[in-house]
Amino acid sequence: MAKGKKLKVNAEPAMFEDDRMPFRAKDWWKYLISLFLLIIYLFPFYVIINVSLRSFSDTSSRIQFPNPIYWENFRKVIESGEIFTGIKNCIIITVLVLLLEIVVGCMAAYALARNQSKLNEVVRSLIMSVMMITPLTILVGIYSTMSTIHATSTYWGMVLVLSAFGLPLVIFLYTNFISSIPVALDEAAAIDGASNLQVFFRIILPQLKTVTVTVIILQGVGVWNEYTYSYYFLQKTSMRTITLVIKTFFSAVSNDYGAAAATAVIGMMPLVIVYLFLQKYFIQGQVEGAVKG
């Protein structure tokens, strides 16, 4: 027995040492594939930064780093001021869309997840079917309706349209997440005298932090980069978003790729900053979703 215990004690540190090894030679091919994928993902960023640092007359390869570096593209974009107008409009529209989608989406998902009925099954099926519709196919009808109610070139009109397209996915994500939360928590709160709204705001909502961050990142990026509906709905110069500001550098006469690339680089910085702050919760939400799914 003593020998057995001694062997057991000696075996445990070796096991933990293996678990803490940062690099295993036999998995070299995994690291090679990861490096290859990293290069593929970073290559477009390298190209757009490369183009933003080139002069208009520079016709050398886009892969070769510019020499000398041309900063005038950024100066021209900043001095014009349109980039700041675009960022302001994108922030306003994105924040309002996210607020509307999160509030309406999580409350609707709570009702769908907790009330198991045939009617709710039909509603969930309809939500899934709406997700299959391409927004571009109904552009004419939506534009005609929004023009009739004078909603073009307004924040609220753009927010309503983009929220309508984003809500099905938001409701779907929240419904799946809330379904994994034990109903016993609702029942215990109801026994203590809590109403349905109190149960939602005090019990359910605090547990939706990770999935909410996932919604913010996924939907926020989509709204920030939206182009088609912005092009038709935001016709005033003062209402231009980042994508519309980039479009101003392309015309039938000439294309200023350097200025357009510089605008794109500046325009994507807010998204990068937000993601860096929320990445911990985003990754946690992806892991929890995979485990609960």
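The values are calculated or read from the model by the stated rules, or taken from the named source; none is laboratory data. Small disclaimer: the values here were computed from a predicted structure and weren't measured. Positions of Cβ are backbone-derived with ideal geometry, glycine not excepted, and every protein chain shown enters the neighbour counts. Heavy atoms of the whole protein, side chains included, go into the accessibility calculation; ligands, DNA and RNA do not. Shrake-Rupley method; radii C 1.70, N 1.55, O 1.52, S 1.80 Å.
Relative contact order for the chain: what is it in percent, counting Cα pairs under 8 Å that are at least 6 residues apart?
29 percent
Once you charge only the Cβ atoms, +1 for Lys and Arg and -1 for Asp and Glu, what is the size of the charge dipole of the chain about its Cα centre, to the nearest 20 debye?
620 debye
First obtain the Kirkwood hydrodynamic radius of segment 156-243 from its Cα pairs, then insert it into the Stokes-Einstein equation at 10 °C and 1.306 mPa s, and state the resulting D in µm² per second as a whole number.
Details: Rh = 15.5 Å.
Answer, rounded: 102 µm²/s.
Take a quick pass over the chain and tell me how many lysine pairs come in under 26 angstrom between Cα atoms, counting only ones 8 or more apart or on separate chains.
11
Per the 1.4 Å probe, what fraction of the accessible area of segment 90-129, in percent, lies on carbon and sulfur atoms?
78 percent
How much of the accessible area of segment 142-245, in percent, comes from carbon and sulfur atoms when a 1.4 Å probe is used?
63 percent
Loop only by DSSP, 14 or fewer other Cβ within 10 Å of the Cβ. Give me the trypsin sites (Lys or Arg not before Pro) in segment 199-269 that pass, ordered by residue number.
Of the trypsin sites (Lys or Arg not before Pro), the ones in loops of segment 199-269 whose Cβ has at most 14 other Cβ atoms within 10 Å are Lys236.
Per residue, how much accessible area does segment 141-293 have with a 1.4 Å probe, in Å²? If you can, show how the numbers build up before the last one.
On the way: 7960 Å² over 153 residues.
Per-residue accessible area for segment 141-293 comes out at 52 Å².
Tell me whether segment 210-276 comes out rounded, prolate or oblate; compute the Cα gyration tensor, take square roots of the eigenvalues as a ≥ b ≥ c, and use a/c under 1.5 as the rounded threshold.
Oblate, because a/c is 1.5 or more while a/b does not exceed b/c.
Please state, rounded to one decimal and in Å, the Kirkwood hydrodynamic radius that the chain gives when every pair of distinct Cα atoms enters the mean of 1/r.
Hydrodynamic radius (Kirkwood, Cα only) of the chain equals 23.3 Å.
Just to check I understand the Karplus step: with θ = phi - 60° and J = 6.51 cos²θ - 1.76 cosθ + 1.60, what whole-Hz values come out for segment 46-60, glycine and proline as x?
For segment 46-60, the Karplus-derived couplings read 4, 5, 5, 5, 4, 5, 5, 9, 10, 7, 5, 8, 7, 10, 6 Hz, x marking Gly and Pro.
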